[in-house]
Amino acid sequence: MSRERDTQNPPASARAEIARQKMLAAALDVFGRYGFDGASTRQLTEAAGVNLQAIPYYFGSKEGLYIATAEYLMARIDTHVGDMRARIGTHLMALDAAGKPLGEAEARRFLTDILQTMVTLFVGKESESWARFLIREQMEPTEAFARVYQGIMRPMIELGRRLIGAILREDPASEHVRLRTFTLIGSILVFRVTHAAVLAQMEWDTVGPEQVKILRGLAAELVDVLGQSKAGAA
(Lines give C-alpha, C1' and ligand atoms only; values in the text may rest on other atoms or scores of the structure.)
Protein backbone atom coordinates (compact mmCIF):
# COMPACT_ATOMS: atom_id res chain seq x y z
CA MET A 1 0.00 0.00 0.00
CA SER A 2 2.77 2.43 0.83
CA ARG A 3 4.36 1.89 -2.56
CA GLU A 4 1.04 2.58 -4.25
CA ARG A 5 0.61 5.81 -2.29
CA ASP A 6 4.18 6.85 -3.23
CA THR A 7 3.40 6.31 -6.91
CA GLN A 8 0.15 8.27 -6.74
CA ASN A 9 1.57 11.04 -4.55
CA PRO A 10 5.19 11.70 -5.44
CA PRO A 11 7.27 13.74 -2.99
CA ALA A 12 7.19 17.51 -3.12
CA SER A 13 10.58 17.70 -4.83
CA ALA A 14 9.36 15.42 -7.64
CA ARG A 15 6.14 17.41 -8.02
CA ALA A 16 8.14 20.62 -8.16
CA GLU A 17 10.37 19.21 -10.92
CA ILE A 18 7.32 18.06 -12.88
CA ALA A 19 5.82 21.54 -12.62
CA ARG A 20 9.12 23.14 -13.61
CA GLN A 21 9.45 20.92 -16.70
CA LYS A 22 5.86 21.71 -17.72
CA MET A 23 6.62 25.42 -17.48
CA LEU A 24 9.78 25.10 -19.56
CA ALA A 25 8.05 23.12 -22.30
CA ALA A 26 5.22 25.66 -22.42
CA ALA A 27 7.62 28.61 -22.31
CA LEU A 28 9.60 27.25 -25.26
CA ASP A 29 6.45 27.34 -27.37
CA VAL A 30 5.15 30.70 -26.09
CA PHE A 31 8.50 32.51 -26.31
CA GLY A 32 9.02 31.05 -29.77
CA ARG A 33 5.65 32.35 -30.96
CA TYR A 34 5.68 35.80 -29.35
CA GLY A 35 9.27 36.55 -28.37
CA PHE A 36 10.42 37.65 -24.94
CA ASP A 37 8.72 41.05 -25.07
CA GLY A 38 5.52 39.77 -26.65
CA ALA A 39 4.96 36.89 -24.25
CA SER A 40 3.12 37.92 -21.10
CA THR A 41 3.54 36.18 -17.77
CA ARG A 42 -0.16 35.29 -17.91
CA GLN A 43 0.29 33.62 -21.30
CA LEU A 44 3.26 31.68 -19.98
CA THR A 45 1.54 30.44 -16.84
CA GLU A 46 -1.76 29.66 -18.54
CA ALA A 47 0.03 27.60 -21.19
CA ALA A 48 1.71 25.59 -18.44
CA GLY A 49 -1.42 25.32 -16.32
CA VAL A 50 0.17 26.96 -13.26
CA ASN A 51 -0.54 30.13 -11.27
CA LEU A 52 1.21 33.46 -11.78
CA GLN A 53 3.43 32.99 -8.73
CA ALA A 54 5.06 29.95 -10.30
CA ILE A 55 7.44 32.06 -12.40
CA PRO A 56 9.06 33.99 -9.51
CA TYR A 57 8.92 30.86 -7.33
CA TYR A 58 10.77 28.57 -9.75
CA PHE A 59 12.76 30.99 -11.90
CA GLY A 60 13.00 34.29 -10.05
CA SER A 61 11.61 36.35 -12.92
CA LYS A 62 10.45 36.25 -16.51
CA GLU A 63 14.07 36.81 -17.54
CA GLY A 64 15.13 33.85 -15.44
CA LEU A 65 12.48 31.70 -17.12
CA TYR A 66 13.73 32.79 -20.54
CA ILE A 67 17.31 31.80 -19.80
CA ALA A 68 16.15 28.53 -18.25
CA THR A 69 14.12 27.88 -21.41
CA ALA A 70 17.25 28.24 -23.52
CA GLU A 71 19.05 25.77 -21.27
CA TYR A 72 16.06 23.43 -21.47
CA LEU A 73 16.25 23.61 -25.27
CA MET A 74 19.96 22.79 -25.17
CA ALA A 75 19.26 19.75 -23.01
CA ARG A 76 16.53 18.53 -25.38
CA ILE A 77 18.80 18.82 -28.40
CA ASP A 78 21.66 17.18 -26.52
CA THR A 79 19.55 14.10 -25.86
CA HIS A 80 19.54 13.57 -29.64
CA VAL A 81 23.10 14.56 -30.56
CA GLY A 82 25.12 14.25 -27.36
CA ASP A 83 26.13 10.59 -27.69
CA MET A 84 27.03 10.98 -31.35
CA ARG A 85 29.06 14.11 -30.68
CA ALA A 86 30.91 12.41 -27.81
CA ARG A 87 31.62 9.32 -29.92
CA ILE A 88 33.05 11.28 -32.83
CA GLY A 89 34.92 13.67 -30.55
CA THR A 90 36.53 10.83 -28.62
CA HIS A 91 37.70 9.25 -31.86
CA LEU A 92 39.19 12.51 -33.12
CA MET A 93 41.02 13.07 -29.83
CA ALA A 94 42.47 9.56 -30.07
CA LEU A 95 43.71 10.28 -33.58
CA ASP A 96 45.25 13.56 -32.43
CA ALA A 97 46.95 11.86 -29.48
CA ALA A 98 48.42 9.23 -31.80
CA GLY A 99 49.50 11.85 -34.34
CA LYS A 100 47.33 10.27 -37.04
CA PRO A 101 45.32 12.19 -39.64
CA LEU A 102 41.60 11.83 -40.09
CA GLY A 103 40.97 9.94 -43.31
CA GLU A 104 38.56 11.26 -45.93
CA ALA A 105 36.33 8.16 -45.92
CA GLU A 106 36.02 8.27 -42.15
CA ALA A 107 35.28 12.00 -42.22
CA ARG A 108 32.54 11.44 -44.78
CA ARG A 109 31.00 8.69 -42.64
CA PHE A 110 30.99 10.88 -39.54
CA LEU A 111 29.60 13.87 -41.44
CA THR A 112 26.82 11.71 -42.88
CA ASP A 113 25.92 10.58 -39.36
CA ILE A 114 25.68 14.20 -38.24
CA LEU A 115 23.55 15.40 -41.16
CA GLN A 116 21.20 12.43 -41.02
CA THR A 117 20.75 12.98 -37.30
CA MET A 118 19.97 16.63 -38.01
CA VAL A 119 17.36 15.60 -40.56
CA THR A 120 15.61 13.29 -38.11
CA LEU A 121 15.84 15.90 -35.37
CA PHE A 122 14.78 19.07 -37.17
CA VAL A 123 12.08 17.96 -39.59
CA GLY A 124 10.01 16.32 -36.84
CA LYS A 125 7.01 17.89 -35.11
CA GLU A 126 8.93 18.28 -31.84
CA SER A 127 11.35 20.75 -33.36
CA GLU A 128 8.73 23.31 -34.42
CA SER A 129 8.92 25.21 -31.14
CA TRP A 130 12.71 24.83 -31.11
CA ALA A 131 12.99 26.44 -34.54
CA ARG A 132 10.78 29.39 -33.61
CA PHE A 133 12.82 30.08 -30.49
CA LEU A 134 16.17 29.75 -32.28
CA ILE A 135 15.17 31.84 -35.28
CA ARG A 136 14.10 34.70 -33.01
CA GLU A 137 17.44 34.48 -31.20
CA GLN A 138 19.29 34.51 -34.52
CA MET A 139 17.52 37.71 -35.54
CA GLU A 140 17.85 39.49 -32.18
CA PRO A 141 20.40 37.61 -30.07
CA THR A 142 20.26 37.80 -26.29
CA GLU A 143 22.04 35.99 -23.47
CA ALA A 144 19.91 32.98 -24.40
CA PHE A 145 21.59 32.83 -27.82
CA ALA A 146 25.03 33.05 -26.24
CA ARG A 147 24.26 30.02 -24.09
CA VAL A 148 22.76 27.96 -26.91
CA TYR A 149 25.63 28.88 -29.21
CA GLN A 150 28.35 27.98 -26.73
CA GLY A 151 26.60 24.88 -25.47
CA ILE A 152 25.28 23.28 -28.65
CA MET A 153 25.82 25.23 -31.86
CA ARG A 154 29.51 26.05 -31.62
CA PRO A 155 30.68 22.50 -30.75
CA MET A 156 28.63 21.02 -33.60
CA ILE A 157 29.77 23.65 -36.12
CA GLU A 158 33.41 23.18 -35.18
CA LEU A 159 33.05 19.42 -35.41
CA GLY A 160 31.57 19.87 -38.88
CA ARG A 161 34.45 22.14 -39.86
CA ARG A 162 36.96 19.52 -38.77
CA LEU A 163 35.27 16.85 -40.89
CA ILE A 164 34.75 19.07 -43.94
CA GLY A 165 38.35 20.26 -43.72
CA ALA A 166 39.51 16.63 -43.85
CA ILE A 167 37.31 15.91 -46.87
CA LEU A 168 38.42 19.02 -48.78
CA ARG A 169 42.01 18.74 -47.50
CA GLU A 170 41.84 22.33 -46.29
CA ASP A 171 42.43 24.08 -42.99
CA PRO A 172 39.23 23.77 -40.89
CA ALA A 173 39.78 27.36 -39.75
CA SER A 174 39.85 28.72 -43.31
CA GLU A 175 37.09 31.02 -44.50
CA HIS A 176 36.20 28.60 -47.27
CA VAL A 177 35.65 25.67 -44.92
CA ARG A 178 33.64 27.81 -42.50
CA LEU A 179 31.37 28.89 -45.37
CA ARG A 180 31.02 25.34 -46.71
CA THR A 181 30.06 24.19 -43.22
CA PHE A 182 27.25 26.74 -42.93
CA THR A 183 26.09 25.94 -46.46
CA LEU A 184 25.85 22.24 -45.64
CA ILE A 185 24.07 22.83 -42.33
CA GLY A 186 21.69 25.25 -44.04
CA SER A 187 20.82 22.67 -46.69
CA ILE A 188 19.34 20.54 -43.90
CA LEU A 189 17.76 23.28 -41.77
CA VAL A 190 15.93 24.66 -44.81
CA PHE A 191 13.48 21.77 -44.49
CA ARG A 192 12.40 23.14 -41.12
CA VAL A 193 12.70 26.87 -41.78
CA THR A 194 10.79 26.70 -45.10
CA HIS A 195 8.56 23.82 -44.04
CA ALA A 196 5.39 25.09 -45.74
CA ALA A 197 7.18 25.76 -49.04
CA VAL A 198 8.76 22.30 -48.96
CA LEU A 199 5.35 20.64 -48.50
CA ALA A 200 3.88 22.72 -51.33
CA GLN A 201 6.72 22.12 -53.78
CA MET A 202 7.17 18.44 -52.97
CA GLU A 203 3.39 17.90 -52.91
CA TRP A 204 3.68 16.19 -49.54
CA ASP A 205 0.82 16.30 -47.05
CA THR A 206 3.24 15.96 -44.15
CA VAL A 207 6.80 14.94 -43.32
CA GLY A 208 6.37 11.42 -42.03
CA PRO A 209 8.69 8.41 -41.86
CA GLU A 210 8.85 7.99 -45.65
CA GLN A 211 9.77 11.64 -46.20
CA VAL A 212 12.38 11.50 -43.42
CA LYS A 213 13.92 8.48 -45.15
CA ILE A 214 14.11 10.43 -48.41
CA LEU A 215 15.72 13.42 -46.71
CA ARG A 216 18.23 11.22 -44.88
CA GLY A 217 19.20 9.84 -48.28
CA LEU A 218 19.61 13.38 -49.55
CA ALA A 219 21.89 14.18 -46.60
CA ALA A 220 24.12 11.24 -47.51
CA GLU A 221 24.15 12.42 -51.13
CA LEU A 222 25.22 15.93 -50.10
CA VAL A 223 28.20 14.45 -48.25
CA ASP A 224 29.06 12.16 -51.18
CA VAL A 225 29.32 15.06 -53.63
CA LEU A 226 31.23 17.33 -51.24
CA GLY A 227 34.54 18.23 -52.86
CA GLN A 228 33.86 16.40 -56.13
CA SER A 229 34.15 19.51 -58.31
CA LYS A 230 37.54 20.22 -56.76
CA ALA A 231 38.69 16.66 -57.38
CA GLY A 232 37.49 16.83 -61.00
CA ALA A 233 39.32 20.12 -61.59
CA ALA A 234 42.54 18.54 -60.27
- Count of residues meeting criterion [within 22 Å of the chain's Cα centre (by Cα) and either of a type outside the set (Asp, Glu) or open to solvent by less than 30 Å² (accessible area, probe 1.4 Å) (or both)] in segment 199-216: 11
- Examine segment 63-76 for a residue that is among the polar types (S, T, N, Q) and modelled with pLDDT under 95, and state whether such a residue exists. no
- Considering residues that are open to solvent by 40 Å² or more (accessible area, probe 1.4 Å) and either in contact (Cβ under 8 Å) with a residue 24 or more places away in the chain or assigned to a helix (DSSP H, G or I) (or both), the number found within segment 173-198 is 13
- Query: Which of the residues spanning segment 103-141 are hydrophobic (A, V, I, L, M, F, W, C) and closer than 19 Å to Gly89 by Cβ?
  - Reply: Ala105, Ala107, Phe110, Leu111, Ile114, Leu115, Met118, Leu121
- Item | Conditions (1) farther than 18 Å from Thr112 by Cα; (2) surrounded by 16 or more Cβ atoms within 10 Å (Cβ to Cβ); number of the one not met by Ala219 | (1)
- Residue count, segment 87-108, condition open to solvent by 40 Å² or more (accessible area, probe 1.4 Å) and more than 19 Å from Val223 (Cβ to Cβ), comes to 8
- Tell me, please, whether a residue that is of a type in the set (Phe, Trp, Tyr), open to solvent by 30 Å² or more (accessible area, probe 1.4 Å) and on the phi < 0 side of the Ramachandran plot can be found in segment 133-141. no
- Give the number of residues within segment 88-142 that are hydroxyl-bearing (Ser, Thr, Tyr) and outside any helix (DSSP H, G or I). 1
- Within segment 109-121, is there a residue that is exposed (fewer than 13 other Cβ atoms within 10 Å of the Cβ) and either without any contact (Cβ under 8 Å) to a residue 12 or more places away in the chain or farther than 23 Å from Val198 by Cβ (or both)? no
- Item | Flag for Glu128 being among the acidic types (Asp, Glu), out of contact with any strand residue (DSSP E or B) (no Cβ under 8 Å at 6 or more places or on another chain), closer than 18 Å to Ile185 by Cα and open to solvent by less than 40 Å² (accessible area, probe 1.4 Å) | no
- Task: Take the residues in segment 50-85 that are within 19 Å of Tyr149 (Cβ to Cβ) and of a type in the set (Gly, Ala, Ser), then tell me which one is most open to solvent (accessible area, probe 1.4 Å).
- Result: Ala75
- Task: For segment 35-48, name all the residues that are touching a helix residue (DSSP H, G or I) at 6+ places or on another chain (Cβ under 7 Å) and open to solvent by 40 Å² or more (accessible area, probe 1.4 Å).
- Result: Phe36, Thr41, Gln43, Ala47
- Residue match in segment 118-140 (condition: modelled with pLDDT of 95 or more, among the hydroxyl-bearing types (Ser, Thr, Tyr) and more than 24 Å from Glu221 (Cβ to Cβ)): no
- Message: Name the residue that is nearest to Met93 (Cα to Cα), counting only residues in segment 142-172 that are of a type in the set (Val, Ile, Thr) and open to solvent by 20 Å² or more (accessible area, probe 1.4 Å).
- Response: Ile157
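The values are calculated or read from the model by the stated rules, or taken from the named source; none is laboratory data. A quick note: this is a predicted structure, and the numbers were derived from the prediction, not measured. Here Cβ is always computed from backbone atoms with ideal geometry, including for glycine, and neighbour counts include all displayed protein chains. When the accessible area is computed, the model is the full protein with side chains, heavy atoms only, and any ligands, DNA or RNA have been set aside. Shrake-Rupley method; radii C 1.70, N 1.55, O 1.52, S 1.80 Å.
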